[in-house]
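Every number in this text was worked out from the coordinates using simple rules, so none of it is lab data. All of these numbers come straight from a predicted model, not from anything done at the bench. Glycine also receives a Cβ, built like all others from the backbone with ideal geometry; neighbour counts cover every protein chain displayed.
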Amino acid sequence: MSVNFYPPLDLKVITPKLELRGATDALLTQLLPIVREGVAERQPDPFDDPMSLYDDNPVRERKWLQAIWRGRGTVRPDAWRLYFVVMLGEEAVGMQDLIGVNFDTFRTVTSFSWLAPGARQQGLGREMRAAILHLAFEGFGAAQASSEAFFDNVASNRVSEALGYQANGHDWATRRGEPAVLNRWRLTRDVWALDRRSNIELVGVEACKPVLFIQ
Ligand SMILES: CC(C)(COP(=O)(O)OP(=O)(O)OC[C@H]1O[C@@H](n2cnc3c(N)ncnc32)[C@H](O)[C@@H]1OP(=O)(O)O)[C@@H](O)C(=O)NCCC(=O)NCCS
């Protein structure tokens, strides 16, 4: 039986390489040293504004946590966000979020992620995106996933391309106040289904659906 009153904290997505676990405060605490050390220190800047991870410590840690708590508490049929900590065994190495955007009307989601700098370029970024897509399409019945990344964010753009997303135009955003072009990507359910993974396990999905107003 669940010990949590908020079922998304009990959600798990388990792949052969990693596990996404609902971002409890205990798991977020494990990530704090990584956030303190910095996940947006390397160029090019990966995140669009506003972004707590660009702030200096100790404001950074506090704003980062507050944004997640706010996200947990803002759950509407047309707007929700699930926060997951990426686990390698019992080691927390990053975050992978799933964001419902007008899910009640269009069944559309987008995603957001980061890894500790030392955990990058080992295939984890791709694996955690595949995991969250499995939750969205298989678990929640999504119709389409989108993604955006600055034109020079090679890793994020490559993850989208490799998982079958198709280019869907461009947009503008600022990062640390400077304008830059975003690449937009979209993955439809039909295309996702062509390479549907059979080795990803979902735990706790049914209990989440009523909380997210998913029929
Ligand atoms: C985006 C991010 C989560 C991707 O995770 P990752 O583990 O580094 O990515 P992977 O190892 O799965 O690599 C995915 C692909 O990108 C390529 N890649 C990754 N980093 C790269 C780099 N710095 N330069 C060139 N190619 C790179 C990999 O070779 C791989 O390509 P392939 O599919 O052709 O083999 C991670 O890089 C990160 O945390 N970046 C900072 C935050 C960020 O950009 N978040 C996304 C905001 S939109």
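Work through the residues other than residue 73 whose Cβ is under 14 Å from its Cβ and net out their charges, Lys, Arg +1 and Asp, Glu -1.
+3
What chymotrypsin sites (Phe, Trp or Tyr not before Pro) in the stretch 125-215 are in a loop by DSSP, with at most 12 other Cβ atoms within 10 Å of the Cβ?
Of the chymotrypsin sites (Phe, Trp or Tyr not before Pro), the ones in loops of the stretch 125-215 whose Cβ has at most 12 other Cβ atoms within 10 Å are 151.
Distance in nm between label sites at residue 79 and residue 122, each 7 Å beyond Cα in the beta-carbon direction?
Those two pseudo-labels are separated by 3.7 nm.
Taking the Cβ of residue 195 as the center, what net charge do the other residues with Cβ under 15 Å away carry, scoring Lys and Arg +1 and Asp and Glu -1?
That sum, taken over residues with Cβ under 15 Å, equals +1.
Calculate, in nm to one decimal, what residue 181 and residue 206 gain on full extension: separation in residues at 0.36 nm each, minus their alpha carbon distance.
5.2 nm
Extension gain residue 55-residue 69, at 0.36 nm per residue separation less the Cα-Cα distance, in nm?
3.3 nm
Separation between the residue 191 and residue 173 pseudo-spin-labels, each 7 Å from Cα along Cα→Cβ, expressed in nm?
1.9 nm
I'd like to know which of 23, 132, 89 lies farthest towards the positive end of the charge dipole of the stretch 7-207, counting +1 on Cβ of Lys and Arg and -1 on Cβ of Asp and Glu.
With unit charges placed on the Cβ atoms, the residue in question is 132.
Which net charge results for the neighbourhood of residue 212, defined as the other residues with beta-carbon distances under 13 angstrom from its beta-carbon, given Lys and Arg at +1 and Asp and Glu at -1?
Result for the neighbourhood of residue 212: +2.
Calculate the spin-label point distance for residue 42 paired with residue 158, positioning each point 7 Å from the Cα along the beta-carbon direction, and give it in nanometres.
For the pair residue 158/residue 42, the computed spacing is 1.0 nm.
Along the charge dipole of the stretch 7-207, Cβ charges K/R +1 and D/E -1, which of 111, 153, 191 sits furthest on the positive end?
Checked the options; the winner is 191.
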